[in-house]
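The values are calculated or read from the model by the stated rules, or taken from the named source; none is laboratory data. Bear in mind the structure is a predicted one, so any value in this text is a computation, not a measurement. Because the Cβ atoms are built from the backbone with ideal geometry, glycine has one as well, and the counts that use them run over all protein chains shown. Surface areas here come from the heavy atoms of the whole protein model, side chains and all, with no ligands, DNA or RNA. Shrake-Rupley method; radii C 1.70, N 1.55, O 1.52, S 1.80 Å.
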Amino acid sequence: MTKFEAAIDPALLDDLRYDYRTRLLPIIRSKTEADLEINFIKLDELSEDERRTMVEAGRLGTVIEKVKHVEVSDKDKLLPGRVARLVEDQVPFEFSASHEHAVMWRRLEARPATGAPDPRATDAKYCIYSEAFGAYVYTPAWVRKIVKEIGTVEKHRSFFGKEPRMKAVTPFPKQPGASEACDMQQYCKSA
């Protein structure tokens, strides 16, 4: 393609009618499977000499960007507060990270106690120790396990030996023209 364009009159190359657009969709896979490897580089990250070379080569207006994929540690792992919110979204009662969650990881032995000689002695299906941050992170499987263990009022009562703290219910505001129904509901409550 470069040889072809080098043989074309520069005036024609600069003509907008000669331009063509390409949509590139990044597909991440093994480099050996690629038909063609393209490096993407941001134009504003080039030095003045590199930009001048691009312009002289007839590439004015072309932005090439390099997509960099960085390995993410603790991907799909959850901190206790996030675990509590996810559990609470699936159960009819409140679930706190500082109380119920702490009782559950102790009783179900998802991780060792704070200050244990080997903090890495976790049940890896549910919990991983992050050495970099000195904290425990939990898996989505742990959220499912919690919901399975205590997902109903009866299961909660059985596990913790007490009544759960039910979520507060917000009453609907009165709708115009619904005063009779509302009055009837209040009558039934007081009766």
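Numerical summary
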{"quantity": "Meets criteria (more than 21 Å from L86 (Cα to Cα), basic (K, R) and open to solvent by less than 100 Å² (accessible area, probe 1.4 Å)) for K167", "calculated": "no"}
{"quantity": "Any pair with Cβ under 7 angstrom, 6 or more apart, that starts in region 148-165 at a residue that is in contact (Cβ under 8 Å) with a residue 12 or more places away in the chain and ends at one that is part of a loop (DSSP other than H, G, I, E, B) and open to solvent by 90 Å² or more (accessible area, probe 1.4 Å)", "calculated": "G151/Q90"}
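Conditions (1) modelled with pLDDT of 95 or more; (2) more than 27 Å from D89 (Cβ to Cβ), marked per residue:
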position: P140; (1), (2): yes, no
position: V143; (1), (2): yes, no
position: I146; (1), (2): yes, no
position: T170; (1), (2): no, no
position: K174; (1), (2): no, yes
position: M184; (1), (2): no, yes
